[in-house]
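Participant: Mind having a look at this structure? Questions to follow.
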Amino acid sequence: MSERDYAPLSTACVRALHDKLYDKRKTAALEIEKMVREFASVNNTAQIRRLLKVLGQDFAVSQNPHAKKGGLIGLASIAVALGKDSEVYIDELITPILGCLSDQDLRVRYYACESLYNVVKIARNAILSHFCPIFNALSKIATDPDQNVKSASELLDRLLKDIVTESNNFDLDNFLPLLRERIASKNSFARQFVITWISVLNMVPNMDLISYLPEILDGLFKILDDPVIEVKKMCETTLGEFLRSIKSDSSRVNFSEMINILIVHAQEKNDDLVQFTAITWIKEFVQLSGPQMLPYMSGIFTAVLPCLSYDSDARRNIKETATAINFTLMKLLSLQGENMEDAEVRPETDKVEAKIELTSVVSVLTQFIMHNSIQTKVAVLKWIHDLYIKIPNQMVQHIDTIFPALQRTLSDQSDEVVQQCLVVIAEVISSPEPETLLTETGRVSENTENKDMTGKSTYYNKFILSLLNSFRTNHKFLDERGSFVIRQLCVLLSAEGIYRTLANLLRNELDLKFVCLMVEHLNMILLTSSELFELRTRLKNFYETENLDLFLCLYNTWCYNAIATVSLCFLTQNYEHACILIRLFGNLEVTVDF
């Protein structure tokens with residue numbers, strides 16, 4: 001290039017800017033600074049812009065790394081000469097420097113950081129219009145392999161933070177898309193850079209970062225999973241600061257936009273800290289927002305219910321927090337139950353803003369009823385029981401989904417699970433059918449589908465039939481669980497009703513060997529179980545009409561088993577009839593079973 005092409009730079013200045021020695025480039029920079037001061041004093045903007053163009057377009061993009069360094073120091077010297085007036089030329093100053101921040105030569109990158117630092121230090125608030133490209137470049141420099149470059153970028157980073165913190169004109173709306181993009185980085189250094197910025201912005205009083213939290217929360221939880229302990233701790237601290245802000249003033253918080261993010265990360269079983277933090281946030285959300293969380297119950301269940309099974313010391317805090325969430329949700333359901341039922345029956349009212357998505361809730365509960373943890377299964381069964389009590393008109397529409405799952409659970413190895421399952425079953429089969437049900441169109445219609453002629457739910461007979469079928473097809477279940485199940489049913493329901501129903505159904509049974517076996521079990525329970533004391537007392541009062549009817553009902557079925565029949569006669573003090581039966585047994589063939 002000729003001397004004229006570099007005007008207004010002198011030939012000596014051009015040569016010095018190309019020199020490999022820093023001192024010579026520094027001398028040229030001082031000449032440029034003096035020149036710019038003179039131009040500025042006479043308001044010669046044309047020459048200033050010409051000089052910016054030469055340094056920015058010729059030197060800063062040169063193939064010669066020394067020329068690039070000369071261009072960078074020259075741009076910084078222009079900013080020094082202009083002082084606060086540099087904001088007029090801020091685009092021409094910053095754009096070429098940003099290009100050099102990604103240069104292959106580490107020394108060029110280092111000098112680019114130094115040059116940009118000087119420009120930013122002088123222009124200060126004027127650089128906010130270019131904050132996003134500066135931030136983007138710095139986030140990449142944070143991963144630089146050269147420590148000197150990183151150190152230089154850290155000085156610039158601290159200066160930027162001071163400017164943003166002091167400014168009242170920072171455009172958070174414009175910055176958020178970039179922050180959301182950079183927070184997705186998987187590089188630990190880039191993540192650390194982003195976390196420090198989020199923490200700083202969150203501490204600025206006039207900057208409402210909480211309102212933007214839904215856009216970055218997922219990224220924060222992904223950073224919390226970082227393998228570098230320092231990054232992990234920084235992220236944990238930042239999340240803690242956000243949660244404290246939420247608890248101090250929840251009016252600005254959009255809980256609904258964040259709960260699903262927490263639900264996803266609460267299932268991170270490979271990282272206890274991530275899971276515990278997410279579960280803790282869910283607990284606070286449920287306590288702070290109350291009914292707003294009802295539509296998300298199925299997701300919360302998916303996250304919380306498996307955590308109830310944790311037994312190790314390392315995960316005890318997760319289990320305790322999950323238990324607290326479960327308790328709070330049950331309390332919330334208890335408080336909202338009546339209103340939710342009203343809202344379902346009278347949809348035109350606005351009594352309840354948020355309602356449970358019952359189909360998805362039932363789906364999750366029936367899924368976890370087969371979980372391998374006793375604590376989880378018991379919690380699920382208690383939920384089904386509570387839902388059926390609080391909102392029966394809605395739950396009855398899902399009973400065909402729930403009931404088979406309950407029946408399968410009766411074969412569980414845990415007494416606690418089986419007992420809780422029977423509590424639910426007893427509630428379902430003993431409750432009268434709701435008089436009306438809400439149809440899909442919102443109209444109220446009579447519900448006659450699940451009633452028998454007596455008005456009792458047909459699920460009562462359906463259940464007893466299915467129980468008998470289970471006993472018939474699985475004698476091991478009958479031997480190991482039969483007595484426990486029948487005794488619990490007698491406690492939860494009417495012992496007389498259970499025995500009457502079983503006796504009547506067995507008389508229609510075609511498998512006589514099974515009838516004989518069942519009568520043997522029922523008779524043994526009747527004679528020995530403390531839960532059936534009242535029923536035995538009634539049978540002893542043989543001559544009262546109601547008791548006689550009960551005796552005859554049992555006797556007609558007990559006749560399929562000779563020993564059980566005699567036992568029933570002894571129990572009811574029908575000794576004369578017992579003697580007649582024993583004489584008849586003399587004519588029977590004596591077998592091992594007999």
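Participant: Among TYR459, VAL485, LEU101, which residue has its Cα furthest toward the positive end of the charge dipole of the chain, with +1 on Lys/Arg Cβ and -1 on Asp/Glu Cβ?
Facilitator: Of the listed residues, the answer is LEU101.
Participant: At 1.4 Å probe size, with no ligands or nucleic acids counted, give the accessible surface of THR528 in Å², nearest ten.
Facilitator: Approximately 90 Å² of THR528 is accessible to the 1.4 Å probe.
Participant: As I understand it, the dipole of the chain uses +1 on the Cβ of Lys and Arg and -1 on the Cβ of Asp and Glu, about the Cα centre. Which of LEU406, GLY240, ALA142 lies farthest toward its positive end?
Facilitator: With unit charges placed on the Cβ atoms, the residue in question is ALA142.
Participant: If you average the sequence gap of Cα pairs under 8 Å that are 6 or more apart and divide by the length of region 205-296, what percent do you get for the contact order?
Facilitator: 28 percent
Participant: Do any of LYS269/LYS377; LYS233/LYS377; LYS140/LYS269; LYS283/LYS377; LYS140/LYS247; LYS150/LYS232 go past 24 Å between their Cα atoms, and which?
Facilitator: LYS233/LYS377; LYS140/LYS269; LYS140/LYS247
Participant: Now for a different question. Per DSSP helix of 4 or more residues, -39500 (n - 2.57); summed, then divided by the residues of the chain. What does that give at 222 nm, rounded to the nearest 500?
Facilitator: When only DSSP H runs of four or more count, the value is -21500 deg cm²/dmol.
Participant: Further question: Computing the accessible area with a 1.4 Å probe over protein heavy atoms, can you report the carbon and sulfur percentage for the chain?
Facilitator: Its accessible area is 50 percent carbon and sulfur atoms.
Participant: Once both labels are modelled 7 Å past Cα along the beta-carbon direction, what's the ARG408-LYS53 spacing in nm?
Facilitator: With each label point 7 Å from Cα toward Cβ, the separation is 7.8 nm.
Participant: If you don't mind, another one. Would you mind calculating the gained length between GLU320 and THR545 on full extension (0.36 nm times residue separation, minus the Cα-Cα distance), in nm to one decimal?
Facilitator: 75.4 nm
Participant: While we're on this one: Tell me, what is the FRET efficiency for SER483 and VAL592 to the nearest 0.05, using R0 = 25 angstrom and their Cβ-Cβ distance as r?
Facilitator: 0.60
Participant: Let me check something: with ligands and nucleic acids excluded, how do HIS66, HIS265 order by accessible area (1.4 Å probe), largest to smallest?
Facilitator: Final ranking, largest accessible area leading: HIS66, HIS265.
Participant: Shifting gears a bit: Multiply the residue gap between LYS186 and ILE389 by 0.36 nm, knock off their C-alpha separation, and tell me the result in nm, one decimal place.
Facilitator: Residue separation times 0.36 nm, minus the Cα-Cα distance, leaves 68.2 nm.
Participant: What FRET efficiency do you get for VAL88 and LEU21 if R0 is 51 Å and r is their Cβ-Cβ distance, rounded to the nearest 0.05?
Facilitator: Calculated value: 0.95.
Participant: While we're on this one: Rounded to the nearest whole Å², what accessible area per residue is found for the chain with the 1.4 Å probe?
Facilitator: For the chain, the solvent-accessible area averages 48 Å² per residue.
Participant: Given a 1.4 Å probe and the protein chains all in place, what does the accessible area of GLU257 round to, in Å² to the nearest 10?
Facilitator: The accessible area of GLU257 comes to roughly 110 Å².
Participant: If the chain between ASN174 and LYS269 were fully stretched, how many nm would it gain, using 0.36 nm times the residue separation less the Cα-Cα distance?
Facilitator: Here the answer is 30.6 nm.
Participant: Report the accessible area of MET234, computed with a 1.4 Å probe over the heavy atoms of all protein chains in place, in Å² rounded to the nearest 10.
Facilitator: 50 Å²
Participant: Something else: Nearest 20 debye, what's the magnitude of the dipole of region 23-99 about its Cα centre given +1 on Lys and Arg Cβ and -1 on Asp and Glu Cβ?
Facilitator: Dipole size: approximately 220 debye.
Participant: Now, a different point. Taking 8 Å as the Cα distance limit and 6 or more residues as the minimum spacing, I'd like the relative contact order of region 94-144 as a percentage.
Facilitator: For region 94-144, the relative contact order is 39 percent.
Participant: Next up: Along the positive direction of the dipole of the chain (beta-carbon charges: Lys, Arg +1; Asp, Glu -1; about the Cα centre), which of ALA60, GLY586, SER129 reaches farthest?
Facilitator: Towards the positive end, the residue furthest out is ALA60.
Participant: Follow-up question, since we're still on this one. If you compute percent of Cα pairs over 44 Å apart for the structure shown, which of (i) 31; (ii) 49; (iii) 37 do you land on?
Facilitator: (ii)
Participant: Got a sec? What order do ILE582, ILE325 fall in by accessible area at 1.4 Å, biggest, i.e. largest, first?
Facilitator: The ranking, largest first, comes out as ILE582, ILE325.
Participant: Additional query: What size of dipole, in debye to the nearest 20, comes out for the chain about its Cα centre when the only charges are +1 on Lys and Arg C-beta atoms and -1 on Asp and Glu C-beta atoms?
Facilitator: 1900 debye
Participant: Also, I was wondering about something else. Which cross-chain or sequence-distant (5 or more) residues have an amide H under 5 Å from the amide H of SER431, H modelled 1.01 Å from N in plane?
Facilitator: Those lying under 5 Å, H to H, from SER431: there are none.
Participant: Of CYS559, CYS421, which has the most accessible area and how do the rest follow, probe 1.4 Å?
Facilitator: CYS559, CYS421
The values are calculated or read from the model by the stated rules, or taken from the named source; none is laboratory data. Keep in mind that this is a model prediction, so the values were computed, not measured. Positions of Cβ are generated from backbone atoms using ideal geometry, with glycine treated the same way; all protein chains shown enter the neighbour counts. All accessible areas refer to the heavy atoms of the entire protein, side chains included, with ligands and DNA or RNA removed. Shrake-Rupley method; radii C 1.70, N 1.55, O 1.52, S 1.80 Å.
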